[in-house]
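Participant: Would you mind keeping the following structure in view while I ask a few things?
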Amino acid sequence: MVWTRPKEVPYPSVWHTFKARDVDSDRMVNYVVQDLPEERFEQAINHMLGIFIYDEPTCKAKKLAEEPQSVQEIGDIWRELVKDKMALVCFREGSDEIAGLNMTYVSCKDEKQDYNCKGDRWRDVLDSVLYFSERSNIYERYQVDEYLAAMGLSVMPKFRGRGLATEILRARIPLCRAVGLSLTSTVFTAIGSQVPAAKVGFEETFVMEYAELAKVNARFEFPSIQSKYCKSMSLRIE
């Protein structure tokens, strides 16, 4: 089964607007969260490769950015995911500068997985996420055949501390409603994404300390990781 975005849902669409502090002052300005436009796909991927893989706890712990094969592979994965036209981007109103991104896509129960990972560091990170996904048992637990998933939430450093991560996650709700999805679920690896997810209403589906995760498989040991827990978190869309 291959999911396709309903043709009757305009693309790109704005899904959420909110007010937050401006970049260089305490003045409140408008921000929008919308579909990532097709012409911005490569720029978004460059953002993720230039910022996210250095910040995300498991990628950082494995020093993924230092292994070219892994960098190439994770970039190629994002290039495939954005083809769903479901990724979210946040802009400050009146500016086309990317303030934040959520690499959302639709995960389908019957979709065949034949991905062959070659980069050692990316394989360790990906397999740990897949382990979490399997333990979360999302399809059966929530009785769905598809749901909105994600592989990466990132806010530009200069836009941090303004609640953008929370609002980007909140934009998943109207997006899911519009395309007919009743659930969104993600493996959140950092407290910086777990706290915003909880504020939006995500529940903890499966939680494990990183110290315990390392006992499952030696490859799942993430040296000097700052976060204590890895959490699969889900939100039903009413």
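The values are calculated or read from the model by the stated rules, or taken from the named source; none is laboratory data. As the structure is a computational prediction, the values presented were derived from the model and not from experiment. Please note: Cβ atoms are built from the backbone with ideal geometry, for glycine as well, and neighbour counts cover all protein chains shown. Ligands, DNA and RNA are excluded from the accessible area calculation, which covers all protein heavy atoms including side chains. Shrake-Rupley method; radii C 1.70, N 1.55, O 1.52, S 1.80 Å.
Participant: Given the structure, is residue 82 more than 21 Å from residue 3 (Cα to Cα), in a helix (DSSP H, G or I) and touching a residue at least 12 places away in the same chain (Cβ under 8 Å)?
Facilitator: On the way: more than 21 Å from residue 3 (Cα to Cα): no; in a helix (DSSP H, G or I): yes; touching a residue at least 12 places away in the same chain (Cβ under 8 Å): yes.
Spelling it out, it is not the case that residue 82 is more than 21 Å from residue 3 (Cα to Cα), in a helix (DSSP H, G or I) and touching a residue at least 12 places away in the same chain (Cβ under 8 Å).
Participant: Does segment 146-165 include one or more residues that are farther than 12 Å from residue 90 by Cα, out of contact with any strand residue (DSSP E or B) (no Cβ under 6 Å at 6 or more places or on another chain) and acidic (Asp, Glu)?
Facilitator: The answer is no; no qualifying residue exists.
Participant: Condition (residue is over 18 Å from the mean Cα position of the chain (by Cα) and open to solvent by less than 30 Å² (accessible area, probe 1.4 Å)) applied to segment 135-148: is it met by at least one residue? It would help to see each step written out before you state the result.
Facilitator: So in segment 135-148, the residues over 18 Å from the mean Cα position of the chain (by Cα) come out as 135, 137, 139-145.
Okay, now just the ones that are also open to solvent by less than 30 Å² (accessible area, probe 1.4 Å), so 142, 144.
For segment 135-148, residues over 18 Å from the mean Cα position of the chain (by Cα) and open to solvent by less than 30 Å² (accessible area, probe 1.4 Å): present.
Participant: Of all residues in segment 115-149, which are among the acidic types (Asp, Glu) and outside any strand (DSSP E or B)?
Facilitator: In the first step, residues of segment 115-149 are kept if they are among the acidic types (Asp, Glu); the result is 120, 124, 127, 134, 140, 145-146.
The answer is 120, 124, 127, 134, 140, 145.
Participant: While we're here: Within segment 181-216, how many residues are among the polar types (S, T, N, Q) and either assigned to a helix (DSSP H, G or I) or open to solvent by 30 Å² or more (accessible area, probe 1.4 Å) (or both)?
Facilitator: Number satisfying all stated conditions: 3.
Participant: Ok, one more. Anything in segment 22-37 that is over 21 Å from residue 169 (Cβ atoms) and acidic (Asp, Glu)? List them, or say none.
Facilitator: 22, 24, 26
Participant: Select from segment 52-66 the residues that are open to solvent by less than 30 Å² (accessible area, probe 1.4 Å) and touching a residue at least 60 places away in the same chain (Cβ under 8 Å) and write down the one among them that is farthest from residue 179 (Cα to Cα).
Facilitator: 61
Participant: Follow-up question, since we're still on this one. Among the residues of segment 226-238, write down those that are over 21 Å from residue 106 (Cβ atoms) and open to solvent by 40 Å² or more (accessible area, probe 1.4 Å).
Facilitator: 226, 228, 229, listed by residue number.
Participant: Which of the residues that make up segment 153-174 are open to solvent by 10 Å² or more (accessible area, probe 1.4 Å), in contact with a helix residue (DSSP H, G or I) (Cβ under 6 Å, 6 or more places away or on another chain) and not aliphatic (A, V, I, L, M)? Before you say what the answer is, go through the steps one by one.
Facilitator: First, pick out the residues of segment 153-174 that are open to solvent by 10 Å² or more (accessible area, probe 1.4 Å): 153, 155-158, 160-163, 165-167, 170, 173-174.
Keeping just the survivors that are in contact with a helix residue (DSSP H, G or I) (Cβ under 6 Å, 6 or more places away or on another chain) gives 153, 155, 165-166, 170.
Listed by number, the residues that qualify are 166, 170.
Participant: Additional query: For segment 3-27, give me the residue count where each residue is closer than 16 Å to residue 89 by Cβ, open to solvent by 30 Å² or more (accessible area, probe 1.4 Å) and not in a loop (DSSP other than H, G, I, E, B).
Facilitator: Number of matching residues: 4.
Participant: Residue 96 fails exactly one of the following numbered conditions: (1) within 20 Å of residue 149 (Cα to Cα); (2) outside any helix (DSSP H, G or I); (3) of a type outside the set (Val, Ile, Thr). What is the number of that condition?
Facilitator: So residue 96 meets the others, but not (1).
Participant: Okay, next question. Kindly check whether there is at least one residue in segment 107-128 that is under 30 Å from residue 22 (Cα atoms) and at pLDDT 95 or above.
Facilitator: No - not one qualifying residue is present in segment 107-128.
Participant: Let me ask something else. Given the criterion surrounded by fewer than 20 Cβ atoms within 10 Å (Cβ to Cβ) and in contact with a strand residue (DSSP E or B) (Cβ under 9 Å, 6 or more places away or on another chain), identify the matching residue among 34, 69.
Facilitator: Numbers: 69 fails: in contact with a strand residue (DSSP E or B) (Cβ under 9 Å, 6 or more places away or on another chain).
34 is the lone residue from the list that is surrounded by fewer than 20 Cβ atoms within 10 Å (Cβ to Cβ) and in contact with a strand residue (DSSP E or B) (Cβ under 9 Å, 6 or more places away or on another chain).
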